[in-house]
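The values are calculated or read from the model by the stated rules, or taken from the named source; none is laboratory data. Nothing here was measured: the structure is a model prediction, and the numbers come from that model. Methodologically, a virtual Cβ is constructed for each residue, glycine included, from the backbone with ideal geometry; neighbour enumeration extends over all protein chains shown. These area figures cover heavy atoms from the full protein model, side chains too; ligands, DNA and RNA do not enter into them. Shrake-Rupley method; radii C 1.70, N 1.55, O 1.52, S 1.80 Å.
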Amino acid sequence: MVRFIEENTKLVEKETGNKSNNDVTTTKKKVLQDLSINNGGGLINSWVDSMRACSPTHLKSLLKQSSWLAEHPSALDMFEEILHLSEGKQIVMFLDYDGTLSPIVDDPDRAFMSKKMRRTVRKLANCFPTAIVSGRCREKVYNFVKLTELYYAGSHGMDIKGPEQGSKFEEDSKSLLCQPATEFLPMIDEVYKKLVEKTKFTPGAQVENNKFCVSVHFRRVDENNWSDLANQVRSVMKDYPKLRLTQGRKVLEVRPIIKWDKGKALEFLLESLGYANCTDVFPLYIGDDRTDEDAFKILRERRQGLGILVSKFPKETSASYSLQEPDEVMEFLQRLVEWKQLRSGA
């Protein structure tokens, strides 16, 4: 736990390097408070503040829209520049699901992608190696997408499987299976059942078992009840020091404390595709959530490829470009497909 707090504190220091020392100290203190809930401590009020900060409607104040777009311009407006950066390299596509390929909806069980988006992703997979990287369990994402040509990385990359059929990029991908947190499965299942019981009297709360992690959705919970929900989750989490809590868009994520995330999943998939130490590969990662920042950060550190954040609101991000909504994601993917087909003479 201490190591995880230190790693996150260093990340905060890096991201707030241009702020005053007082601001950095305040931010570091909040990170420690948020994480200490695992050990039965922490301030619930600070945690609820952090829950609010993850909500899209509270993000406008981070940066002015115009200045933010100057730093993270539209990937559609800069499409030719992105193609120029990828010239002579193999593009590999990584896509989040919720909020990227499908709209964010109140009921996570109804986060369906459109038929047009499915056709676009299928064409994309015929042009480039393509992976879906999601916090959902792998089987659930597959049931939403229903494409056998893709790589699927569920549970924030803790459950990865290669294409079943139809991908011209697969070699021995049927044997490609990565599950680095298998030992935590009984614990995750136990915590899921306890959270269902604890939160059942909180209107709108929904607990989702994503196999290697548990999601507590509070999108339909009245903001006045967030503190109660935080206390309920805390009362369960305090007994499980080997699990940690992270936050996304109106969701709390319970995950094993292992050094694995969407960034690690990206690296694993690149290595599996034979691009571990290649300079002629160009990974493109498109996602909308805080958990996608782990992948954006990896791409910046590798100085290879780029990240595209899907958001209508300014956010602190390691992505280079932005798109506002899934419809823009689809347009961007369609342009990539058309460009590839034109070059291939298809």
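Just one of the listed residues (Val236, Val216) is touching a residue at least 24 places away in the same chain (Cβ under 8 Å), part of a strand (DSSP E or B) and crowded, with 21+ Cβ neighbours inside 10 Å, namely Val216. Scanning region 134-146 for residues that are outside any helix (DSSP H, G or I) and touching a Ser or Thr at 6+ places or on another chain (Cβ under 9 Å) yields Ser134, Gly135, Arg136, Cys137. Looking at Arg122, Arg118, just one residue is open to solvent by 10 Å² or more (accessible area, probe 1.4 Å), within 23 Å of Val281 (Cα to Cα) and among the basic types (Lys, Arg), and that residue is Arg122. Across region 194-210, the qualifying residues are those that are of a type in the set (S, T, N, Q) and in a loop (DSSP other than H, G, I, E, B), and the one among them that is surrounded by the fewest Cβ atoms within 10 Å (Cβ to Cβ) is Thr202.
Tell me yes or no: at least one residue of region 300-317 is within 24 Å of Ala181 (Cα to Cα) and modelled with pLDDT under 95. Scanning region 300-317 turns up no residue that is within 24 Å of Ala181 (Cα to Cα) and modelled with pLDDT under 95. Here Lys262, Lys161 are screened, and the one residue that is free of Cβ contacts under 8 Å to residues at least 24 places away in the same chain, closer than 16 Å to Arg138 by Cβ and open to solvent by less than 60 Å² (accessible area, probe 1.4 Å) is Lys161.
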